[in-house]
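Novice: The structure follows.
Where a number appears in this text, it was derived from the coordinates with a stated rule and is not lab data. Computed from a predicted model, the values in this text were never measured in an experiment. Every residue, glycine among them, receives a Cβ derived from its backbone with ideal geometry; neighbour counts consider all protein chains shown.
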Amino acid sequence: MPTEKSPARLTERVAQFASTTRFEDIPPEVIRLSKQAVLDCFAVAFAGSVAEGSAILRRHIASLGFSGGNATVYGSGMRVPAQFAALANGTAMHSDDYDDTHNPSRIHPSASVASALFAVAEAENRSGKELLTAFNVGVEVSCKISIATAGAHYGRGFHSSGTIGVFGATAAVCNVRGVSPEITLAALGTAGSEAAGIRENFGTMAKPLHAGRAGETGILASDLAAMGFTSAPTVLEGPRGFFEAYVGKCDEDVIMNTLGKPWTFATDASIAIKPFPSGRLTHPGMCELEKIVLENNILPDQVERIGVRTNRLLPGNLTYHRPVTGLEGKFSMEFCLASMLVLRRAGLAEFTDEVVNRRDIQDAINRIEYTCYSDEEAAANNYPLLATFLEVVLKDGRKFTGRVDYARGSPPQPMSWHDISNKFRGGAQFAKWPEDRTERIIELVADLEKLEKMSELASLLLLPGNPV
């Protein structure tokens with residue numbers, strides 16, 4: 001909480017940062033990395049647009065009777081008011097749990113920010129340079145607030161992508177609109193009262209809704225503040241504010257002194273782009289098993305058992321040890337490894353009810369033993385959070401072991417522009433998107449800072465003839 005030494009309140013500091021940051025303040029390397037994140041957002045938006053939960057939400061929005069709007073709902077022919085486009089697109093971006101993550105603070109930072117920002121940038125026809133500036137501001141605010149909770153917020157059961165994502169989304173919208181610090185402060189105050197999302201809903205359609213609602217709130221809060229709507233100026237640090245009510249503590253220095261210093265995209269503990277559409281905690285084990293299976297040409301029938309050991313905190317999210325739906329499979333270490341063993345892949349097409357319930361997949365799940373190493377072992381050996389150990393025992397007595405601390409796509413093993421472009425192509429193909437549009441989107445995002453009007457990009461995201 002603030003002390004007498006604080007030069008300004010925490011919320012005021014965030015508002016000042018959000019309102020005053022300009023494109024020239026952001027290093028070129030951060031811009032480069034953020035363009036990769038933007039393309040990844042489109043990749044997961046297209047893939048998630050065909051999810052059942054996304055389709056239900058689009059039908060709900062259509063039932064509200066909008067005759068038109070100025071923002072696109074991706075993967076459809078719908079154009080609706082910006083806040084409802086953010087609701088639909090943010091939910092789609094998070095539907096497959098395929099969107100990026102900031103592992104040190106346990107948040108998916110981009111989906112909530114991007115869903116709000118992209119809708120406003122399209123509706124108000126902002127430039128690519130303005131979008132990139134605001135995107136970095138929003139992601140930075142989300143990550144730094146999440147870091148300031150030191151894990152306590154997430155540990156209480158809150159889903160940071162929703163609860164903290166509202167602040168990043170609001171900051172991004174206020175930046176792209178160029179509003180004053182005073183209006184941004186009021187918008188942040190309103191956003192704080194809309195902070196919501198609990199981890200109990202992991203593995204259901206409600207989890208991705210958290211990101212959509214955060215994006216929607218970012219626009220609503222900004223709209224209301226611009227019209228004179230009032231809120232508490234101390235929503236973060238007040239005695240009944242966010243940190244006290246949702247966390248119980250706050251590392252004030254993170255907010256006061258590290259916004260953009262350095263930018264999260266530029267740190268060693270940066271934002272990871274996912275190679276698989278499942279909970280990030282499963283990815284190190286999936287990468288290692290993929291390596292073992294392919295290098296040794298291991299067939300499922302050869303395997304006696306697979307042992308996997310992780311930090312004891314991971315099963316708090318990976319709760320489905322005997323999943324029966326595709327959504328549950330995303331939060332099941334056992335299914336993710338079974339898919340990699342039996343099918344040698346775990347992509348968008350694998351996380352379905354049909355695949356989860358295949359007899360050979362369920363048989364493989366029954367041969368996987370998931371245990372955890374002790375806190376003492378982790379501390380003594382300085383294991384990072386995601387350190388994962390595998391032991392593959394074959395029926396002929398052979399044994400293969402491995403340890404992996406980081407998955408592909410994480411800062412130590414980052415994806416290239418080529419990798420992310422292929423991920424985007426896969427997401428677009430999964431949504432049956434026209435190939436010529438797919439390639440043009442990649443081209444425009446590659447040079448996004450040169451794009452004068454977002455309408456050129458937005459026109460490629462609309463699918464006439466597919467109203468819902």
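Novice: Packing-wise, with mean Cβ within 10 Å as the measure, how do 31-39, 86-94 rank, highest first?
Specialist: Working: 31-39: 20.2, 86-94: 32.7.
Averaged packing, sorted descending, gives the order 86-94, 31-39.
Novice: Can you show me the helix-derived [θ] at 222 nm for the chain, built from DSSP H runs with n ≥ 4 at -39,500 (n - 2.57) apiece and divided by the number of residues, rounded to the nearest 500. It would help to have the intermediate numbers written out before the result.
Specialist: Values: 21 runs with 231 residues, N = 468.
Calculated mean residue ellipticity at 222 nm is -15000 deg cm²/dmol.
Novice: While we're looking at this one, here's another question. How far apart, in nm, are two points set 7 Å out from the Cα along the Cα-to-Cβ line at ALA152 and at ARG344?
Specialist: Inter-label distance under the simple model: 5.0 nm.
Novice: Averaging sequence separations of C-alpha pairs under 8 Å and six or more residues apart, then dividing by the length of region 116-235, give the relative contact order as a whole percent.
Specialist: On the way: 173 pairs, mean separation 38.5, N = 120.
Computed over region 116-235, the figure is 32 percent.
Novice: With N denoting the number of residues in the chain, provide Rg(C-alpha) divided by 2.2 N^0.38 Å, to two decimal places. List each step's numbers first, then the result.
Specialist: Values: Rg = 21.7 Å, N = 468, 2.2 N^0.38 = 22.8 Å.
Against the empirical 2.2 N^0.38 Å value, I get 0.96 for the chain.
Novice: Excluding residues fewer than 8 places away in the same chain, name every one of the aspartates and glutamates whose C-alpha is closer than 17 Å to that of LYS207.
Specialist: Excluding near neighbours in sequence, the set is GLU52, ASP96, ASP97, ASP99, ASP100, GLU194, GLU216, GLU328.
Novice: Quick one: length gained pulling ALA55 to ASP301 fully straight, 0.36 nm per residue minus the C-alpha distance?
Specialist: On the way: separation 246, 0.36 × 246 = 88.56 nm, distance 3.82 nm.
My answer for the length gained is 84.7 nm.
Novice: How many angstrom separate the Cα center of region 346-364 from the Cα center of region 184-240?
Specialist: 36 Å
Novice: Oh, and also: Among DSSP bridges having both ends in the chain, what percentage is antiparallel? Round to the nearest 5. Kindly include the intermediate steps, with their values, before the conclusion.
Specialist: On the way: 17 of 22 bridges.
Roughly 75 percent of the DSSP beta bridges within the chain come out antiparallel.
Novice: Would region 280-404 count as rounded, prolate or oblate if I go by the C-alpha gyration tensor, calling it rounded below 1.5 in a/c and otherwise prolate when a/b exceeds b/c, oblate otherwise?
Specialist: Values: a/c = 1.88, a/b = 1.21, b/c = 1.56.
Note, shape of region 280-404 comes out oblate.
Novice: Once whole DSSP H runs in the chain are found, which of them have Cα atoms spread over 27 Å or more along the helix axis and a mean Kyte-Doolittle score of at least -0.5? Intermediate values should be presented prior to the final figure.
Specialist: Numbers: long enough: 28-49 (32 Å, 0.80); 128-148 (30 Å, 0.80); 206-226 (30 Å, 0.18).
In the chain, the long hydrophobic H runs are 28-49, 128-148, 206-226.
Novice: Turning to a different aspect of this structure: Using per-residue counts of other Cβ atoms within 10 Å, averaged over each peptide, order 247-253, 383-389, 69-75 from highest down.
Specialist: Working: 247-253: 16.1, 383-389: 19.3, 69-75: 24.3.
Those peptides, ordered most packed to least, come out 69-75, 383-389, 247-253.
Novice: Please work out the ratio of the alpha-carbon Rg of region 1-155 to 2.2 N^0.38 Å and round it to two decimals.
Specialist: On the way: Rg = 16.9 Å, N = 155, 2.2 N^0.38 = 15.0 Å.
Dividing the Cα Rg of region 1-155 by 2.2 N^0.38 Å gives 1.13.
Novice: With respect to the cross-link table entries LYS129/LYS330; LYS129/LYS261; LYS291/LYS399, which display a Cα-Cα separation exceeding 24 Å? Mind dumping the intermediate values first?
Specialist: On the way: LYS129/LYS330 35 Å; LYS129/LYS261 21 Å; LYS291/LYS399 14 Å.
Flagged as over cut-off: LYS129/LYS330.
Novice: Sticking with the crude label model, points 7 Å out along Cα→Cβ, report the distance from GLU435 to SER193 in nm, one decimal please.
Specialist: The modelled label-to-label distance comes out at 5.3 nm.
Novice: Let me ask another. Need the full-extension length gain, LYS261 to LYS450, defined as separation in residues times 0.36 nm minus the C-alpha distance. One decimal, nm. Intermediate results must be reported in sequence, preceding the final value.
Specialist: Working: separation 189, 0.36 × 189 = 68.04 nm, distance 2.56 nm.
Extending this stretch completely gives an extra 65.5 nm.
Novice: Here's another thing I want to ask about it. Classify region 334-435 as rounded, prolate or oblate from the Cα gyration tensor: take a ≥ b ≥ c as the square roots of its eigenvalues, call it rounded if a/c is under 1.5, otherwise prolate when a/b beats b/c and oblate if not.
Specialist: Working: a/c = 2.45, a/b = 1.29, b/c = 1.91.
It comes out oblate by the Cα gyration axes.
Novice: How high is the FRET efficiency from THR230 to LEU64, r the C-beta distance, R0 41 Å, rounded to 0.05?
Specialist: Working: r = 27 Å, r/R0 = 0.67.
Efficiency, rounded to the nearest 0.05: 0.90.
Novice: What length, rounded to one decimal in nm, is gained on full extension from ASP25 through to ARG240, with 0.36 nm per residue of separation minus their alpha-carbon distance? Intermediate results must be reported in sequence, preceding the final value.
Specialist: Working: separation 215, 0.36 × 215 = 77.40 nm, distance 3.37 nm.
Between ASP25 and ARG240, full extension yields 74.0 nm more.
Novice: Then there's this: Out of region 125-194, which trypsin sites (Lys or Arg not before Pro) are coil in DSSP terms and have no more than 14 other C-beta atoms within 10 Å?
Specialist: Sparse-neighbourhood loop trypsin sites (Lys or Arg not before Pro): ARG156.
Novice: Report the residues of region 307-345 in range of a label on ASN357: point 7 Å along Cα→C-beta, backbone N strictly under 11 Å from it.
Specialist: Of the residues in region 307-345, 324-326 have backbone N under 11 Å from the label point off ASN357.
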